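The values are calculated or read from the model by the stated rules, or taken from the named source; none is laboratory data. Note that the coordinates shown come from a computational prediction; the quantities given were computed from them, not determined experimentally. Don't worry about glycine lacking a Cβ; one is built from the backbone with ideal geometry, like all the others, and counts go over all protein chains shown.
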Amino acid sequence: MVPRPSLGLRARLLFAFALLCVVTAAAVSGGMYVQARNDILQRAQDGAVQAMKNRMETTLFPLRSAAPGPDELGEIARTVVDQYSFVVAVYHEEYSVAGPPGRPPGRSGPGGDAPPPTAGAIPPELRQVVAGGEMAWQRVVWQGAPYLIIGTPLLIVEQNRPTRVSGIEVYTARSLRSEQSSIDELAARAWLIGGVALVFAVVLALLATRGVLGPVRELGRAARLLGEGELRTRIAVRGSDELADVARTFNNTAAELERHVKQLREMEADARRFVADVSHELRTPLAALAAVADVLDEEAAGLPEPAGRAARLVSQETINLTGLVNDLIEISRFDSGVAALALNEVDVAELVRATLRTRGWSEQVQTELPRAVTARLDPRRVDVILANLVGNALRHGEPPVSVRLSADAHWIALEVRDHGPGLGEAVLPHVFDRFYKASAARARSEGSGLGLAIARENARLHQGDLTVSNAPDGGAVFTLRLPRRAPDPDGGPE
């Protein structure tokens, strides 16, 4: 499963600070902007409506005809107009427009202003309300300019008769350009404040990340060094905050780990030294014991049966003990780092045949050995590896046992396979462990439990490796991979 990419802690802190700032600034500035906008427009609207009401209540409009024409509508419009608004007087489809003093109605206003409103600027829904005898108003955008249009019906008031609608509608269109300019200025200031707040938040985030990520990076560096084996790594403790507590905890943990590792290394060194010393001390008495065992083995056939069987048992156990001591001495050489390679240019196929021939396995093992595969190896150590692998396959697997050689320009691979039941999943990870035996029933087998461990150490001494797996159709497969040019004994390349 591919892990999802993740932002670093610095980027996340910067993003969190910036997001908090943007949300806060947007909420505060947006709220202030909306409130101020509504207040500005409401004051302008209330003032214009009240002024319209006052003019309509204090002005008399003489009607000369029941169906006024453009001239009479123009007179009515000029009566209502003031210095801030355009007035449109409408009777059915007829209308007339009057502008403020000094700004007569026309196709466009003076000084490049937007065209003055006409009857087309009045929304139909507003006309419907006003035609019903009620005063109403609505904000519109006409030719790209904002206007507040206030409409009122012209009423006929006569003594001793009910008030009635004359059919004439009077609309004032007050420009909201100044209010819109104030609102735009508020919006610009809100954006400016938000930008300044964002910059301030980023600066704060950078300072915060520097204060937080500095100790975190130092802790990460110290943890990497500790993982690489630098057990004396410590962190400087600064202050008394949570990061300082983490640093103190790390230092205490590293000190305890260093102490325990030192103890374990001393114990391991003592154990290896003990094994090496005991193995070497046993070689002298074992040599004498082996000589005696050889004599007993030769005379066993002429001894009475219980004595002969005991003589053969002593001889076999002496051989097993000698093998165990030799394996312990060999593994102690690997542990102490004194094992070395004696390299020679060898024909790998011939080396395999010699190993099988020396041990009498040539007839029992199938081989697939291409010719002219040469490599610079230690023949004795490769012989030990092959003998161990083939011997285990013959003893614990089932026939046929095969050895197959393959090679490329830089590596050779020797594959030893049997056709038995294979190795259990719980056994595979421990095959190369020292003294590990897959079955408790084989606790007294003739092997020392060190053969595969020594084989892998020999492979690694060549800068190669030895691995094991189960074949799909049954059987265990051991694969030995070795470089065709092993490093020189002094550790340098060839």
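From the residues in the stretch 349-372 that are within 15 Å of residue 399 (Cβ to Cβ) and of a type in the set (Val, Ile, Thr), which one is farthest from the chain's Cα centre (by Cα)? Per the criteria, the residue is 365. Under the condition of being surrounded by 11 or more Cβ atoms within 10 Å (Cβ to Cβ), of a type in the set (Lys, Arg) and assigned to a helix (DSSP H, G or I), the residues counted in the stretch 230-273 number 5.
Find the strands (runs of 3 or more DSSP E) located wholly in the stretch 356-426 whose residues include 1 or more that are closer than 25 Å to residue 463 by Cβ, of a type in the set (Lys, Arg) and modelled with pLDDT of 90 or more, and list them. Working first, answer last.
On the way: elements: 365-368, 374-377, 401-407, 411-417.
By residue number, 374-377, 401-407, 411-417.
Out of 196, 129, I need the residue that is farther than 26 Å from residue 72 by Cα and either basic (Lys, Arg) or at pLDDT 75 or above (or both). Which one?
Values: 129 fails: farther than 26 Å from residue 72 by Cα.
Selected residue: 196, the only one of 196, 129 that is farther than 26 Å from residue 72 by Cα and either basic (Lys, Arg) or at pLDDT 75 or above (or both).
Of all residues in the stretch 281-299, at least one satisfies being at pLDDT below 75, basic (Lys, Arg) and either surrounded by 11 or more Cβ atoms within 10 Å (Cβ to Cβ) or part of a helix (DSSP H, G or I) (or both).
Which one of 227, 214 is surrounded by 11 or more Cβ atoms within 10 Å (Cβ to Cβ) and within 24 Å of the chain's Cα centre (by Cα)?
Working: 227 fails: surrounded by 11 or more Cβ atoms within 10 Å (Cβ to Cβ).
Checking each option against the conditions leaves just 214.
I'm told residue 173 meets every condition in (1) in the same structural domain as residue 86 (by TED's automatic domain parsing); (2) in a helix (DSSP H, G or I) except one. Can you identify the failing condition by its number? The number of the failed condition is (2). When the stretch 439-461 is filtered for residues that are assigned to a helix (DSSP H, G or I) and at pLDDT 65 or above, the ones remaining, listed by number, are 451, 452, 453, 454, 455, 456, 457, 458, 459, 460, 461. Taking (1) within 26 Å of residue 434 (Cα to Cα); (2) part of a loop (DSSP other than H, G, I, E, B) in turn, residue 326 satisfies each apart from (2). Residue under question is residue 298, and the condition is that it be without any contact (Cβ under 8 Å) to a residue 60 or more places away in the chain, over 30 Å from residue 227 (Cβ atoms) and not β-branched (Val, Ile, Thr); does it hold? Judged against the criteria, residue 298 is a match.
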